[in-house]
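Notes follow once the structure below has been shown.
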């Protein structure tokens, strides 16, 4: 029996071409195409599908977590994300809620079918661009964890105050410690991270993910 598929996407050319591709494959049948969240939820309630191919950015979801609700309500439904573009925060959230099959619409027919095959077999599949984003995130996370192990909580707090533009004197006042104690912390931070000045410290901290956007005064 072919796998029953529902497509959720409001882009006509995408749904039309996807149906044509899948019609050539005996193991898949597209039973329904929907263009909004309401119709998707109604379809899932009234019929049984084995695969949902969805562009979450083209459907009027309130949040990525709407897909998490669908996964909980229909645990046997496999989900493949096929989208034009994806931001890092959405990718991380999709990954966190257990959706591990994500490809871009730039994929060719071979990749689409490979991704779909992995999806129905409960195997992970990411397009190359998606993998690069995930690997970058993992490397940043790993580096950040290493820094967290190197620095004490007090030292991390001082790094973040430096990034916010506070002077050594202001940090001492803010943390209610002496000027010399702050200087001692700074020396230890520089030594542990192998940096020689504030600019190198901030660059190192940004790359590691220890701090985000920087605004500081020289």
Exercise. Counting only residues that are more than 13 Å from residue 81 (Cα to Cα) and more than 16 Å from the chain's Cα centre (by Cα), which one in region 55-70 is surrounded by the most Cβ atoms within 10 Å (Cβ to Cβ)?
Worked result: 70
Exercise. Residues in region 199-215: is at least one more than 30 Å from the chain's Cα centre (by Cα) and at pLDDT 75 or above?
Worked result: no
For this session: Can you confirm whether region 101-112 contains a residue that is in the same structural domain as residue 16 (by TED's automatic domain parsing), under 22 Å from the mean Cα position of the chain (by Cα), surrounded by 14 or more Cβ atoms within 10 Å (Cβ to Cβ) and touching a residue at least 40 places away in the same chain (Cβ under 8 Å)?
Result: yes
Problem set entry | Close pairs (6 angstrom Cβ cut-off, 6 or more residues apart or separate chains): outside the structural domain of residue 59 (by TED's automatic domain parsing) in region 14-30, not in a strand (DSSP E or B) anywhere | none
For this session: May I ask you to say which residue of 129, 119 is more than 19 Å from residue 8 (Cα to Cα) and in contact (Cβ under 8 Å) with a residue 12 or more places away in the chain?
Result: 129
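The values are calculated or read from the model by the stated rules, or taken from the named source; none is laboratory data. Quick caveat: nothing in here was measured; it's all calculated off a predicted structure. So basically every Cβ, Gly included, is an ideal-geometry build from the backbone, and we count neighbours across all protein chains shown.
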